[in-house]
Amino acid sequence: MRKASLKSFNYAVGMFGTSIPINMLKTYAAFFYVDSLGLKTSQFSLILLVYTFIDAIDNLVYGYLSDRTRTRWGRRRPWLVIGTPLLVLGLVAFYNTPQGLAGSGLLAYCMLFYILTGTIDSVINANYGALFPELFPDDASRAATNALRQAFQLVAMVISIALTPVVTKLLGFGMTALVYGLLGGSVILYMAVTSRETADLRLEKKPALWDSVRSLVVNRKFWLAGLTNAFYSAAMSLVLASLPFFVKYTLQIPDSQATILFASVLFVAIGSVPLWVLLMKRLTLMPTWRAALASLLVAFIPLYFANSLVTAILASLLVGFGFAGVITTMDLIGARIMDEDKAHSQVRREGIIANALGFMNRLNGLFTSFAFYLVLVLFGFESGDTPGPEPHQAARFLLTVFPLLLMVISLGLSFFLHFPKQQPSDGGQHG
């Protein structure tokens, strides 16, 4: 039992490491470059758009190479060990912009290191995600390990999102990126060294690229799960990226108080994960997943009417509750798709599927890019130097209106996804 618990801990703590760098990148990139350095919202929108299309190509390639890797250290570990220092370097470079950069130079620098850091994160997260169904093949171990790693993810978000306004005020963005990068990177490396793959690679057939791509293209469940999570991910990405704007322009309170709002969401999410696990045991996976999506959708309605720190905190509690439910269930659905693919093809393609699902999540770049473009068109919000006549409405739109619309689509798509009644992930009845 102790050995199983240590195995779960060693793998689950990796989520703490992988979450810290990417959360800082995605949450504060817009605020740092647009509001502080004067990059235009249209330029940042372009970066997100370009990154999304690059990510479409690199994810399948990374997954394919990972699945075909054969070394004495396993398939996933070499990618994790090599990718981690590159991720740290990319994050540090992104938030240490050379002095004097402006205009096209600032745009090029931001785009280069946003894409570099994002693509290395794709390598790490896909290999990390591919380990999950292999290391934990049975119902009980999956449920327990996933709950633990989501708890680690939420703790990482408290540090890399909620505390960042306070930390950057003391250290600056450049030094904060270095501290977060080293912290996250060291944890990833610990996970990579201690989480040993179980499969005998000598006996396994290597997946073929075009056969794997073809199987994904015709896999209806992959598309439904991927698109559902893409719209959800876009909604939450907008929440994280726009909350600093909402604090500054809508609530008109000190930037550091964004910490209070972020903490409200994340601490409620931490406390809610066990509740969602219990609910999943009673309702099974699919109804619980849909209930979580519905809870998050509804939460944006009271958040729209928030006009003070107190009302924003109260509304944020509902966001945290729904958010906890989605992260508790989402990865189990991905594991179920991997299980079905392995049973059908008799080939292990967790890396390709994890990367492909990761790319589908990163389609949120299309929607977040469009949202930042819309605030320029609708509200004239160009940058921190030129915020337009209604920056308070622009921030409210980014935080509540557009995410609510995305969640409506996400919830609707989830009702088209069904699995057979007996599945290895939870062994229960579901639809």
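The values are calculated or read from the model by the stated rules, or taken from the named source; none is laboratory data. What you see is a predicted model; the values in this text were computed from it and never measured. Please note: Cβ atoms are built from the backbone with ideal geometry, for glycine as well, and neighbour counts cover all protein chains shown.
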*Test Pro302 against the criterion of being modelled with pLDDT under 90, over 19 Å from Gln153 (Cα atoms) and not charged (D, E, K, R), and give yes or no.*
no
_Restricting to the stretch 52-97, name every residue that is buried (at least 21 other Cβ atoms within 10 Å of the Cβ) and either under 27 Å from Ser36 (Cβ atoms) or among the polar types (S, T, N, Q) (or both)._
Asp55, Asn59, Ser66, Thr84, Leu87, Val88, Gly90, Leu91, Val92, Phe94, Tyr95
*Confirm whether Val265 is surrounded by fewer than 20 Cβ atoms within 10 Å (Cβ to Cβ), closer than 21 Å to Leu148 by Cα and in contact with a helix residue (DSSP H, G or I) (Cβ under 7 Å, 6 or more places away or on another chain).*
no
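Tell me, please, whether a residue that is of a type in the set (Phe, Trp, Tyr) and either in contact with a strand residue (DSSP E or B) (Cβ under 8 Å, 6 or more places away or on another chain) or without any contact (Cβ under 8 Å) to a residue 60 or more places away in the chain (or both) can be found in the stretch 354-375. Write out each step before concluding.
Step one: of the stretch 354-375, the residues of a type in the set (Phe, Trp, Tyr) are 359, 367, 370, 372-373.
Subsequent filtering for residues that are either in contact with a strand residue (DSSP E or B) (Cβ under 8 Å, 6 or more places away or on another chain) or without any contact (Cβ under 8 Å) to a residue 60 or more places away in the chain (or both) retains none.
No: the stretch 354-375 contains no residue that is of a type in the set (Phe, Trp, Tyr) and either in contact with a strand residue (DSSP E or B) (Cβ under 8 Å, 6 or more places away or on another chain) or without any contact (Cβ under 8 Å) to a residue 60 or more places away in the chain (or both).
Going by the structure shown, is Arg348 assigned to a loop (DSSP other than H, G, I, E, B), crowded, with 21+ Cβ neighbours inside 10 Å and either over 19 Å from the mean Cα position of the chain (by Cα) or at pLDDT below 90 (or both)? Full working, then the answer.
On the way: assigned to a loop (DSSP other than H, G, I, E, B): yes; crowded, with 21+ Cβ neighbours inside 10 Å: yes; either over 19 Å from the mean Cα position of the chain (by Cα) or at pLDDT below 90 (or both): yes.
So Arg348 fits the description; yes.
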*Looking at (1) modelled with pLDDT under 90; (2) surrounded by fewer than 24 Cβ atoms within 10 Å (Cβ to Cβ); (3) assigned to a helix (DSSP H, G or I), which is the only condition Pro133 fails?*
(2)
*Do any residues in the stretch 7-34 that are on the phi < 0 side of the Ramachandran plot and in contact (Cβ under 8 Å) with a residue 40 or more places away in the chain have Cβ atoms under 6 Å from those of residues that are among the hydrophobic types (A, V, I, L, M, F, W, C) and not in a helix (DSSP H, G or I), where the two are at least six apart or on different chains, and which pairs are they?*
Tyr33/Leu39
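Scanning for something in a helix (DSSP H, G or I) and at pLDDT 80 or above, does the stretch 413-423 turn up at least one residue?
At the first step, the residues of the stretch 413-423 found to be in a helix (DSSP H, G or I) are 413-414.
With at pLDDT 80 or above added as a condition, the list becomes 413-414.
For the stretch 413-423, residues in a helix (DSSP H, G or I) and at pLDDT 80 or above: present.
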*asked:* Just checking, does the stretch 320-337 include any residue being of a type in the set (Gly, Ala, Ser) and over 28 Å from Leu405 (Cβ atoms)?
replied: yes
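Does Leu116 satisfy being surrounded by 17 or more Cβ atoms within 10 Å (Cβ to Cβ), touching a Ser or Thr at 6+ places or on another chain (Cβ under 9 Å) and assigned to a helix (DSSP H, G or I)? Before the answer, list the steps.
Working: surrounded by 17 or more Cβ atoms within 10 Å (Cβ to Cβ): yes; touching a Ser or Thr at 6+ places or on another chain (Cβ under 9 Å): no; assigned to a helix (DSSP H, G or I): yes.
No; evaluated as a whole, the condition is false for this residue.
Looking at the structure I just gave you, is Thr368 of a type in the set (S, T, N, Q), in a helix (DSSP H, G or I), surrounded by 22 or more Cβ atoms within 10 Å (Cβ to Cβ) and modelled with pLDDT of 85 or more?
Working: of a type in the set (S, T, N, Q): yes; in a helix (DSSP H, G or I): yes; surrounded by 22 or more Cβ atoms within 10 Å (Cβ to Cβ): yes; modelled with pLDDT of 85 or more: no.
Taking the combined requirement at face value, the residue does not satisfy it.
Per-residue answers, yes or no, for (1) β-branched (Val, Ile, Thr); (2) touching a residue at least 24 places away in the same chain (Cβ under 8 Å); (3) crowded, with 16+ Cβ neighbours inside 10 Å; (4) closer than 17 Å to Ser242 by Cα:
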{"site": "Pro274", "(1), (2), (3), (4)": "no, yes, no, no"}
{"site": "Trp289", "(1), (2), (3), (4)": "no, yes, yes, no"}
{"site": "Ser295", "(1), (2), (3), (4)": "no, yes, yes, no"}
{"site": "Ile327", "(1), (2), (3), (4)": "yes, yes, yes, no"}
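For the stretch 35-46, which positions are assigned to a helix (DSSP H, G or I) and crowded, with 24+ Cβ neighbours inside 10 Å?
Filtering the stretch 35-46 for residues assigned to a helix (DSSP H, G or I) gives 35-36, 41-46.
Selection gives Thr41, Phe44.
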*Determine whether the stretch 161-168 contains at least one residue that is within 15 Å of Met15 (Cα to Cα), part of a helix (DSSP H, G or I) and more than 13 Å from the chain's Cα centre (by Cα).*
no
